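Enquirer: I am attaching a structure below and will ask some questions about it afterwards.
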Amino acid sequence: MPHRKHIHVIGLDEFHLAELQTVRNADEYVFHPLVDYDHIVLPPAYDIPALLAEAREDLDNAPAVDAIIGHWDFPTTSLLPILRREYGLPSASLESVLYCEHKYWTRLAAAEAIPECTPAFQGIDAYHDAPAEALELAYPFWLKPAVAFSSYLGFRIDDEAKFRSAMATIREQIHRFAEPFRHILAAANNHATLPGDGDGATCIAEGLIHGHLCTLEGYVFNGEVVVYAILDSVRGANQVSFLSYQYPSALPEGVQQRMREAADRLLRRIGLDQTPFNIEFFWDEEADRIWLLEINPRISKSHCPIFEIATGASHHEVPIDICLGRRPRFPHAEGRFPTAAKFMPRVYEDAVVTHVPSGRAIRELQERFPELRVTVQVQEGTRLSEMLGQDSYSYELASLFFGGRDAQDLQRKFRTVMDGLNFGFSRPVTTNYASPVGG
């Protein structure tokens, strides 16, 4: 057997190790965890100097460092270019990654490259003494921190009272991302030229955009932008909480092509290269208009099992190939179903979880649906409002992945699986999978 490549994965857990082992030539790789999962995924605080020190110690003591990859949001995405540069590996520049991390900077670049896809927007200092007086954007609009993920601290603002309330909440909690982002900026000082306006404590107010939401999965290799898949992102009635991600997209091919062209122009403007990416766009069908939502300089971890079910391998294959200096050859049609999805069962009111599915209940469902993967995110006794990393309007109970014949078949399977999982709560609650349920 040829020399096995040593692939170091930030925040590696058992779930994603199993996904990594589906890629082509997996037997030629040794996968190593880099930075403890609990230190990088939803910790109480992100200590950037400690995270970098931990990573460097692991890499310095490794038998070899052939690739460093990661699939989590900030700060993983910012740590990657720093570490790859230090260990001589192909990488996107830290400057281009920070343009993606900072949603206000993304909008500045988009306003130049794809103005037709860019809503009205404004940056606002979270610690401004009188933010309402500084506001120039008309109501209604969407407000969120420039650096965050999963709709954290994101609010729809309809009037001044809601704006003041949301800004007060953001001001109390934005330090969770603002402080680590400042540490990343310090690391970037000698390597990047960034906008002088805004930092980790910046918020962005932007005009409301709507329509069919989808994600372009792709990569940039030696300056060439390649989109290899488009998935639909289905949201609930609040237009915030994601209910499912479904592959392939049902959007018209002409719309998909326009999104590919817009992505190419934007990525070239910010200089992103040698990295996977995913970009979210809306298609407003009535106006036939495309709107940019955001860019992430990574694969979507939520799509990994979807690709394995539908194409035969996780798209972890893409960052591995790029970091090894190879052009990716993804996807390949060896899946078990023509369509696949991730479903996110959600609860819309606070309650205490009184029952979670047993291992036996999950195994029985997997006997019926062999491709089914279930990750439960709550325990008995969990108070939903105390969960970390949730959006402002709902609580995610689990992640479910499975395949089907078509979108209707996927919906039928979702209802069946949730009946079998049988979550219980201390009071009747509204969910996206059943009539109000409770204790």
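Enquirer: Do you know which of the residues in the range 234-247 that are assigned to a loop (DSSP other than H, G, I, E, B) and within 18 Å of the chain's Cα centre (by Cα) is nearest to L143 (Cα to Cα)?
Expert: In this case the residue turns out to be V240.
Enquirer: Being more than 19 Å from the chain's Cα centre (by Cα) and either in a helix (DSSP H, G or I) or within 15 Å of E294 (Cα to Cα) (or both) is the filter here; which residues of the range 250-259 pass it?
Expert: Residues satisfying the conditions are E253, G254, V255, Q256, Q257, R258.
Enquirer: Also, quick follow-up: Can you tell me which of (1) of a type in the set (G, A, S); (2) in contact with a Gly (Cβ under 9 Å, 6 or more places away or on another chain); (3) loosely packed, with under 15 Cβ neighbours inside 10 Å is the one A351 doesn't meet?
Expert: (3)
Enquirer: Just to be sure I understand, how many residues within the range 15-34 are more than 19 Å from the chain's Cα centre (by Cα) and either more than 20 Å from E334 (Cα to Cα) or among the acidic types (D, E) (or both)?
Expert: Total meeting the criteria: 8.
Enquirer: Might you check whether a residue that is closer than 19 Å to I299 by Cα, surrounded by 15 or more Cβ atoms within 10 Å (Cβ to Cβ) and free of Cβ contacts under 8 Å to residues at least 12 places away in the same chain occurs anywhere in the range 23-39?
Expert: Looking through the range 23-39, at least one residue is closer than 19 Å to I299 by Cα, surrounded by 15 or more Cβ atoms within 10 Å (Cβ to Cβ) and free of Cβ contacts under 8 Å to residues at least 12 places away in the same chain.
Enquirer: Here is a list: I290, I279, I309. Which entry is more than 16 Å from the chain's Cα centre (by Cα), assigned to a strand (DSSP E or B) and either surrounded by 20 or more Cβ atoms within 10 Å (Cβ to Cβ) or of a type outside the set (D, E, K, R) (or both)?
Expert: Selected residue: I290, the only one of I290, I279, I309 that is more than 16 Å from the chain's Cα centre (by Cα), assigned to a strand (DSSP E or B) and either surrounded by 20 or more Cβ atoms within 10 Å (Cβ to Cβ) or of a type outside the set (D, E, K, R) (or both).
Enquirer: Go through the range 334-371 and report how many residues are in a loop (DSSP other than H, G, I, E, B), of a type outside the set (S, T, Y) and over 14 Å from G403 (Cα atoms).
Expert: Result for the range 334-371: 7.
Enquirer: Name the residues in the range 1-46 that are touching an Asp or Glu at 6+ places or on another chain (Cβ under 7 Å), within 30 Å of Q173 (Cβ to Cβ) and of a type in the set (A, V, I, L, M, F, W, C), would you?
Expert: Of everything in the range 1-46, those that are touching an Asp or Glu at 6+ places or on another chain (Cβ under 7 Å), within 30 Å of Q173 (Cβ to Cβ) and of a type in the set (A, V, I, L, M, F, W, C) turn out to be L34, V35.
Enquirer: Which of (1) more than 21 Å from R24 (Cβ to Cβ); (2) touching a strand residue (DSSP E or B) at 6+ places or on another chain (Cβ under 6 Å) does R289 not meet, given it meets every other one?
Expert: (2)
Enquirer: Where in the range 40-107 are the helices (runs of 4 or more DSSP H), entirely inside, with at least 2 residues that are among the β-branched types (V, I, T) and within 26 Å of H6 (Cβ to Cβ)?
Expert: Here the list reads 76-86.
Enquirer: If you check every pair at least six apart or on different chains, which have Cβ atoms under 6 Å apart with a residue in the range 142-162 that is touching a residue at least 40 places away in the same chain (Cβ under 8 Å) and closer than 19 Å to S233 by Cα first and a residue that is β-branched (V, I, T) and surrounded by fewer than 21 Cβ atoms within 10 Å (Cβ to Cβ) second?
Expert: Between residues of the range 142-162 that are touching a residue at least 40 places away in the same chain (Cβ under 8 Å) and closer than 19 Å to S233 by Cα and residues that are β-branched (V, I, T) and surrounded by fewer than 21 Cβ atoms within 10 Å (Cβ to Cβ), the close pairs are S151/V240.
Enquirer: Within the range 406-424, is there a residue that is in the same structural domain as E371 (by TED's automatic domain parsing), closer than 19 Å to A340 by Cβ and among the acidic types (D, E)?
Expert: Yes: the range 406-424 contains one or more residues that are in the same structural domain as E371 (by TED's automatic domain parsing), closer than 19 Å to A340 by Cβ and among the acidic types (D, E).
Enquirer: Taking into account only those residues within the range 312-333 that are within 20 Å of the chain's Cα centre (by Cα) and small (G, A, S), which is nearest to L20 (Cα to Cα)?
Expert: Within the range 312-333, the match that is nearest to L20 (Cα to Cα) is S314.
Enquirer: Return only the number of the condition from (1) among the aromatic types (F, W, Y); (2) modelled with pLDDT under 95; (3) farther than 16 Å from F181 by Cβ that F74 does not satisfy.
Expert: Failing condition for F74: (3).
Enquirer: Being of a type outside the set (V, I, T) and buried (at least 19 other Cβ atoms within 10 Å of the Cβ) is the filter here; which residues of the range 156-175 pass it?
Expert: F163, A166, M167
Enquirer: Hey, can you tell me all the residues within the range 391-419 that are small (G, A, S), crowded, with 20+ Cβ neighbours inside 10 Å and assigned to a loop (DSSP other than H, G, I, E, B)?
Expert: Scanning the range 391-419 gives a single hit, S394.
Enquirer: Only one residue in L231, L216, L153 is within 18 Å of the chain's Cα centre (by Cα), crowded, with 19+ Cβ neighbours inside 10 Å, at pLDDT below 95 and not hydroxyl-bearing (S, T, Y). Which one?
Expert: L153
Enquirer: Okay, next question. Taking the options T339, T382, name whichever one is among the hydroxyl-bearing types (S, T, Y) and touching a residue at least 40 places away in the same chain (Cβ under 8 Å).
Expert: Unique residue meeting the criteria: T339.
Enquirer: Please state which of the following conditions V240 fails to meet, knowing it meets all the rest: (1) closer than 21 Å to V41 by Cβ; (2) surrounded by fewer than 20 Cβ atoms within 10 Å (Cβ to Cβ); (3) in contact with a Ser or Thr (Cβ under 6 Å, 6 or more places away or on another chain).
Expert: Failed condition: (1).
The values are calculated or read from the model by the stated rules, or taken from the named source; none is laboratory data. Because the structure is predicted, anything quoted here is derived from the model rather than measured. A quick note on method: Cβ atoms are made from the backbone with ideal geometry, for glycine too, and the neighbour counts reach across all protein chains shown.
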